[in-house]
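S.K.: Input: one structure, supplied below.
The values are calculated or read from the model by the stated rules, or taken from the named source; none is laboratory data. Note that the structure is a prediction, hence the values are computed from the model and not measured. Because the Cβ atoms are built from the backbone with ideal geometry, glycine has one as well, and the counts that use them run over all protein chains shown.
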Amino acid sequence: MSTEDLQPKDTSPEFSKRRVVLFGKDTDSIIKGFFGCTATVAIVVLFLITLFLIKEGSGFVGQYQTSLKQYRLSGLEYVDILKERREDHTALMQYLSDIKAEWINLLKKEGLTQQAIFKKVMSPESKAVFLGYSRTSSDLRRFIKDKMDAAIEIRDQQITNDNLQETLNNYAKKITEVEDYSFKLSEEDRAEFILKLKEKVRAQSFDADKLETSKGLIEGLKSGVALDTKSREIYLSLLRDEFLATENRIQPVIFEKSILKVTNEQQRYFEILNTLEADMKAILLKSDSIELDNNNLESRMERFKELNALFFTSIPEHKTQIKEWDQNAAVPLSKSLSSFLTGKDWITASDQQDWYGILPLLCGSLIISFVALCIAVPLGVGAAIYTNQISSPLEQNLIKPYIEFISAVPSVVIGFFGVVVLGEAMRGLSQLEFLAWVPFFPIQERLNTLTAGCLLALMAIPTIYTLAEDAINNIPKHLKEASLAIGATPLQTTFRVIVPSALSGIISAIMLGFGRVIGETMVVLLCAGNRIKIPEFSDGLGVFFQPVHTMTGIIAQEMGEVVRGSVHYRALFMVGIVLFIASLIINVSAQYVVKKYNKMDS
């Protein structure tokens, strides 16, 4: 035996010899530091996004409060109370027009000629009712329009004053800066100075000396000459002239006096309402002379009379509301926030008043998400159970990749498919004669809740499928083996042992799928119809065929058009904050469900 054989051998593992040392750190430390930095970056980015949302959206409450104050002080709120009667009367006219249209359709079905129908529908009795009823509100409409114009004039003057005051403040600030001898012209200041000098040249064309001086100064400024004492005084003179001209354009608005243009004819308004009520009652008496010859039409006409009676009984309360309206009532800060969270209108670029109510957008997002989950959950979870527990290896190799490949399809492509193919196919299907018995068929809009919901379901299925399949796959094998050993069938084992054990993971998958759906933008923007209105839930299943708008869609649609820092701009960030909070709640809830079920299992 040689001495080399007696030497102790190096028994350290081979992989330890291949470690790379860089800047005093081995491979393990480098990898650990890299992933630690990545996690830190993710946390910092999330913090910055949250901070940005709060920073841009927090100013909304105060700005919207100012807008609501102007709405009240200018009298637009008072005019909107007046408009309630006009809108109620318009709704009654629409109801009466529907009765007339239905009557004409029934006469056509009975085989009457066009001349006979015209003679019946346009008889003196019918004409007195249908045409006379629409004319009863003419005085009311003229009165409200006059008051609306007066209120808008007051509001616009106040907005103009606010803008002019802001311009005055900017001029005052600039004058203070220029008076300091350390002030140097920026490129923007130089361009503004030259522009004002050119305007002065045009005004001084009759004075040769001043004209020559101004032209010389313009050439000097263009060549980059710095301010001297003389040019500084000229610049200050121009700024002070602009300050005085702007100040003279401000016309102070005294709301207590100007509001009288809106509220000074209450008695006349009450007389118009009394006349309206008398005229409507007279028309209703004449309606008894119309021979409709149809039980359904006669019952609708009786319902019309009942609706008119409700209109009459609400007039005294309306008069009281008019009398008690207070221009100087406080608008608390909480009012603007509650108006945003519970508002039913999202109206922008209005000549009267902009409204930012998130309720129609929230309802649109939730109803589309509901449709998507109703489709995606059974398909996604069912496919996960089948693939993991029932299918053959060949089926697994086919099903799993194809489902997961759906997530690789761009959302804009899916949205385009919905616009061109799915929406059109659904509308065409609804127009088939054998489906005419369905109450809400044929549908009028190809882009609606169901179209967007089906496409979002397609996008959510891979998320739900993958996470649910992983949850089922993580169930210990001994549970399945024990169930089979005591005589349970494979199907019983799947649905009574495996699925209940993986329930926490499946629920978590569904909730994360919900987060995927509610945060989608492109598909809903292309396929949901983009109608900002709370769905008519009284239509039953027909509500799923109505166009809606969503929180993500409104941000994508309007963010590029708004003025930075405006109320509209900050309202969109408030929508983003609500969406962010909703996503956060969904993710936290998913984690809570997983932890809760894990504790129960242990």
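S.K.: Would you mind stating whether Asp326 is out of contact with any strand residue (DSSP E or B) (no Cβ under 9 Å at 6 or more places or on another chain) and either without any contact (Cβ under 8 Å) to a residue 40 or more places away in the chain or closer than 19 Å to His549 by Cα (or both)? Spell out how you get there, then give the answer.
M.R.: Numbers: out of contact with any strand residue (DSSP E or B) (no Cβ under 9 Å at 6 or more places or on another chain): yes; either without any contact (Cβ under 8 Å) to a residue 40 or more places away in the chain or closer than 19 Å to His549 by Cα (or both): yes.
So Asp326 passes the test.
S.K.: Related question: Check the stretch 311-318 and report whether any residue there is more than 30 Å from Ile283 (Cα to Cα), acidic (Asp, Glu) and free of Cβ contacts under 8 Å to residues at least 24 places away in the same chain. Spell out how you get there, then give the answer.
M.R.: Initially, the stretch 311-318 is screened for residues more than 30 Å from Ile283 (Cα to Cα), giving none.
No: the stretch 311-318 contains no residue that is more than 30 Å from Ile283 (Cα to Cα), acidic (Asp, Glu) and free of Cβ contacts under 8 Å to residues at least 24 places away in the same chain.
S.K.: Now for a separate question. Would you mention how many residues in the stretch 105-124 are among the aliphatic types (A, V, I, L, M) and surrounded by fewer than 14 Cβ atoms within 10 Å (Cβ to Cβ)? Reasoning before the result, please.
M.R.: Residues of the stretch 105-124 that are among the aliphatic types (A, V, I, L, M), as a first pass: 106-107, 112, 116-117, 121-122.
Now narrow it down to the ones that are surrounded by fewer than 14 Cβ atoms within 10 Å (Cβ to Cβ): 116, 122.
Result for the stretch 105-124: 2.
S.K.: With the condition kept exactly as written, say whether any residue in the stretch 522-538 is at pLDDT below 90, in the same structural domain as Ile367 (by TED's automatic domain parsing) and β-branched (Val, Ile, Thr).
M.R.: Among the residues of the stretch 522-538, not one is at pLDDT below 90, in the same structural domain as Ile367 (by TED's automatic domain parsing) and β-branched (Val, Ile, Thr), which makes the answer no.
S.K.: Let me ask something else about it. Hey, any hits in the stretch 282-296 for a residue that's over 27 Å from Leu73 (Cβ atoms), in a loop (DSSP other than H, G, I, E, B) and among the polar types (S, T, N, Q)?
M.R.: Step one: list which residues in the stretch 282-296 are over 27 Å from Leu73 (Cβ atoms), which gives 282-296.
Add one more test, that the residue is in a loop (DSSP other than H, G, I, E, B), and what stays is 290-294.
Adding the requirement that they be among the polar types (S, T, N, Q) leaves 294.
Yes, the conditions are met somewhere in the stretch 282-296.
S.K.: For the stretch 250-265, how many residues are surrounded by 13 or more Cβ atoms within 10 Å (Cβ to Cβ) and part of a helix (DSSP H, G or I)? Quick ask: steps written out before the conclusion?
M.R.: Kept after step one, since they are surrounded by 13 or more Cβ atoms within 10 Å (Cβ to Cβ), are these residues of the stretch 250-265: 250, 253, 255, 258-259, 261-263, 265.
Still in the running and part of a helix (DSSP H, G or I): 255, 258, 261-263.
Total satisfying the criteria: 5.
S.K.: Would it be correct to say that Phe495 is in a loop (DSSP other than H, G, I, E, B) and out of contact with any Pro (no Cβ under 8 Å at 6 or more places or on another chain)? I'd like the intermediate steps shown before the answer.
M.R.: Values: in a loop (DSSP other than H, G, I, E, B): no; out of contact with any Pro (no Cβ under 8 Å at 6 or more places or on another chain): yes.
No: the conditions fail for Phe495.
S.K.: Give Glu302, Glu291 a once-over and let me know the one that is in the same structural domain as Asp88 (by TED's automatic domain parsing), loosely packed, with under 15 Cβ neighbours inside 10 Å, modelled with pLDDT under 90 and over 30 Å from Glu324 (Cα atoms).
M.R.: Unique residue meeting the criteria: Glu291.
S.K.: Just to verify a result, which residue in the stretch 47-101, among those that are β-branched (Val, Ile, Thr) and surrounded by 19 or more Cβ atoms within 10 Å (Cβ to Cβ), is farthest from Phe130 (Cα to Cα)? Walk me through how you get there before you give the answer.
M.R.: Here is the first cut: in the stretch 47-101, the residues β-branched (Val, Ile, Thr) are 49-50, 54, 61, 66, 79, 81, 90, 99.
Then keep just the ones that are surrounded by 19 or more Cβ atoms within 10 Å (Cβ to Cβ); that gives 79, 99.
Details: Val79: 28, Ile99: 10 Å.
Top of the filtered list is Val79.
S.K.: Somewhere in the stretch 245-260, is a residue touching a helix residue (DSSP H, G or I) at 6+ places or on another chain (Cβ under 6 Å), over 30 Å from Val178 (Cα atoms) and aromatic (Phe, Trp, Tyr)?
M.R.: Checked the stretch 245-260: at least one residue is touching a helix residue (DSSP H, G or I) at 6+ places or on another chain (Cβ under 6 Å), over 30 Å from Val178 (Cα atoms) and aromatic (Phe, Trp, Tyr).
S.K.: Step by step: first the residues of the stretch 193-203, then only those that are more than 13 Å from Asp241 (Cβ to Cβ) and in contact with a Lys or Arg (Cβ under 9 Å, 6 or more places away or on another chain), then the one that is modelled with the lowest pLDDT. Which residue is that?
M.R.: Restricting to residues being more than 13 Å from Asp241 (Cβ to Cβ) and in contact with a Lys or Arg (Cβ under 9 Å, 6 or more places away or on another chain), the top hit is Val201.
S.K.: Another question, then. Across the stretch 158-189, what is the number of residues that are part of a helix (DSSP H, G or I) and small (Gly, Ala, Ser)? Steps first, please.
M.R.: So in the stretch 158-189, the residues part of a helix (DSSP H, G or I) come out as 158-179, 187-189.
Adding the requirement that they be small (Gly, Ala, Ser) leaves 172.
Residues in the stretch 158-189 being part of a helix (DSSP H, G or I) and small (Gly, Ala, Ser): 1 in total.
S.K.: Determine if the stretch 514-529 includes at least one residue that is part of a loop (DSSP other than H, G, I, E, B), surrounded by 22 or more Cβ atoms within 10 Å (Cβ to Cβ), at negative phi and touching a residue at least 60 places away in the same chain (Cβ under 8 Å). Can you show your working first?
M.R.: Applying the first criterion (part of a loop (DSSP other than H, G, I, E, B)) to the stretch 514-529 yields 519-521, 528.
Add one more test, that the residue is surrounded by 22 or more Cβ atoms within 10 Å (Cβ to Cβ), and what stays is 520, 528.
Among the residues that remain, those that are also at negative phi are: 520, 528.
Next, from what is left, pick out any that are touching a residue at least 60 places away in the same chain (Cβ under 8 Å): 520, 528.
Checking the stretch 514-529: at least one residue is part of a loop (DSSP other than H, G, I, E, B), surrounded by 22 or more Cβ atoms within 10 Å (Cβ to Cβ), at negative phi and touching a residue at least 60 places away in the same chain (Cβ under 8 Å).
S.K.: Quick one: which of Pro393, Pro439 is in the same structural domain as Asp470 (by TED's automatic domain parsing), surrounded by fewer than 12 Cβ atoms within 10 Å (Cβ to Cβ) and either modelled with pLDDT of 85 or more or farther than 23 Å from Val543 by Cα (or both)? Working first, answer last.
M.R.: Details: Pro439 fails: either modelled with pLDDT of 85 or more or farther than 23 Å from Val543 by Cα (or both).
After ruling out the rest, the residue left standing is Pro393.
S.K.: Next question, about the same structure. Considering only residues of the stretch 475-498 that are of a type in the set (Gly, Ala, Ser) and on the phi < 0 side of the Ramachandran plot, which is surrounded by the most Cβ atoms within 10 Å (Cβ to Cβ)? Break it down stepwise before answering.
M.R.: Filtering the stretch 475-498 for residues of a type in the set (Gly, Ala, Ser) gives 482-483, 485, 487-488.
If we keep only those that are on the phi < 0 side of the Ramachandran plot too, we end up with 482-483, 485, 488.
Working: Ala482: 13, Ser483: 18, Ala485: 9, Ala488: 15.
The residue in question is Ser483.
To keep it simple, each residue is scored yes or no on (1) in contact (Cβ under 8 Å) with a residue 60 or more places away in the chain; (2) hydrophobic (A, V, I, L, M, F, W, C); (3) assigned to a helix (DSSP H, G or I).
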position	(1), (2), (3)
Asn388	yes, no, yes
Asn397	no, no, yes
Ser407	no, no, yes
Gly415	yes, no, yes
Val419	yes, yes, yes
Gly428	no, no, yes
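S.K.: Another question, if that's okay. Assess whether Leu484 counts as being in contact with a Leu (Cβ under 7 Å, 6 or more places away or on another chain), assigned by TED's automatic domain parsing to the domain that holds Leu422, modelled with pLDDT of 85 or more and within 19 Å of Ile390 (Cα to Cα). Working first, answer last.
M.R.: Details: in contact with a Leu (Cβ under 7 Å, 6 or more places away or on another chain): no; assigned by TED's automatic domain parsing to the domain that holds Leu422: yes; modelled with pLDDT of 85 or more: yes; within 19 Å of Ile390 (Cα to Cα): yes.
No; evaluated as a whole, the condition is false for this residue.
S.K.: When Glu84 is evaluated against the numbered criteria (1) modelled with pLDDT under 90; (2) assigned to a helix (DSSP H, G or I), which criterion, by number, is the only one it fails?
M.R.: Evaluating Glu84 over (1) modelled with pLDDT under 90; (2) assigned to a helix (DSSP H, G or I) leaves (1) as the failure.
S.K.: Oh, and also: When you scan the stretch 342-358, do you find a residue that is on the phi > 0 side of the Ramachandran plot and at pLDDT below 90, even just one?
M.R.: Step one: filter the stretch 342-358 for residues on the phi > 0 side of the Ramachandran plot, giving 349.
In the following step, the residues that additionally are at pLDDT below 90 were identified as 349.
Yes: one or more hits.
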